[in-house]
Amino acid sequence: MRKKTFRPDVDAPEWKGGHSPYDIIKEGTIALVAVSLLTLLLAIVFGSPDEHAITIKTWSNAAPIDFASTALSELNGTSTSAQYGAPYNHASTGPQLGPFTLAKWVGVRIAVNTVRDFVIAPLKSQPNQPVLSTDLSQWSQASSSTRASWVANYTKAAGKMTFANGQVAVNATNAGPVPVFIEDLTQMARSGALDQALITQAGFYTTNYTLPLLFLADGTYLANLAQKQHLSGDQWGMMNETGSYPGQAWLWLYTLWYQIPPMTTSGNADVLVMALMMVLSLGLLLVPFIPGIRSIPRKTRVYRLIWREHYQTQEKT
């Protein structure tokens, strides 16, 4: 029978040395207490601020013109959500990885029509609004070209939009019911009714916040808050914690790549970073099987540093 060859990088030799007692309960208790105290201390010193959740009500009251302008962008199809592509709509190809159109492969899984979902449907949910009901009927009965003309006329005048006495004012002509839509939607938002209307479109009892989150992301208010908290893409971007210091330390490697070309300017940065991290993660998993790399711990003798107490004892004997 052929004798098996010992492989130093793979096989573990049988230990023939001495043994020392080890009280795992005592050591575990000490470690738990030490880590708990350290965690408490670090939380007090470096804890992140407790920011309140941002809602559409918060946004529309703090920046009503930004909200009204965003509502108009949902109506005229120029918002990020309206032009995003899969999984929300067919407006664009979406993120790509080389020749592979990954988003199109997935398809439209969460259909979002910004005109219907962000403007018309919420307005229809409002009870006892005779003027609004008349305007909604006018909209539904108009042709696509007529609607487009109304929206275009309002959009041309919206550059001088003002907000005074709790109302949105735009000097637009031949805009049909669009001025009423934007004004009433703004009032809905400021009262908090729009938050509820967007959430309950798929049913009264739901925890699907896709629509309000998309609406918020289309405006500039949320982005400006992120900038102030040092959370924008050029400041670390995807960190979970708020504040100037990078929050979740384990995300540093992921967010690092967003600061390196071509990810810094690519519209497919998310896909490129994801693909790169998958390759790096696969490489990490395969370290024990890669000749040369797997030998580094043995050849650098780093194990002697880790088990220095044992080797010091062995050298004395």
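Results, tabulated for the structure shown:
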item	result
Full-extension gain in nm, Thr173 to Ala91, via 0.36 nm per residue minus C-alpha separation	26.6 nm
Zero-based 5 Å bins, Cα pair distances in segment 56-223, whole percents	1, 8, 17, 21, 20, 16, 9, 5, 2, 1, 0
C-alpha long axis of helix 269-285 to longest principal axis of the chain, angle in °	20
Calculated [θ] (222 nm, deg cm²/dmol) that DSSP helices of n ≥ 4 give over the chain, each run adding -39,500 (n - 2.57)	-14500 deg cm²/dmol
Theoretical FRET efficiency, 1/(1+(r/R0)^6), r = Cβ-Cβ of Leu40 and Ala152, R0 41 Å, to 0.05	0.10
Measure of compaction for the chain (Cα Rg per 2.2 N^0.38 Å)	1.51
Sites Ala217 and Leu280 - FRET efficiency at Förster radius 22 Å, r taken between beta-carbons, to 0.05	0.15
Dipole magnitude of the chain, debye to nearest 20 (Cβ charges: Lys/Arg +1, Asp/Glu -1, about Cα centre)	1460
Cα-based radius of gyration of segment 1-126 once divided by 2.2 N^0.38 Å, which approximates compact folds	2.17
Förster radius 35 Å - calculated FRET efficiency between Ala53 and Ile110, Cβ distance, rounded to 0.05	0.95
Span from the segment 113-171 Cα centroid across to the segment 190-228 one, whole angstrom	19
Rounded tilt (10° steps) of 64-76 against the dominant C-alpha axis of the chain	80
Distance in nm between pseudo-label sites at Trp15 and Lys124 (7 Å out along the Cβ direction from Cα)	7.1
Signed unit charges on C-beta, dipole axis of the chain, positive-most listed residue Thr58, Gly77, Ser125	Gly77
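FYI, it's all coordinate maths here, none of it is from the lab. This is a predicted model, so every value here is computed, not measured. Positions of Cβ are generated from backbone atoms using ideal geometry, with glycine treated the same way; all protein chains shown enter the neighbour counts.
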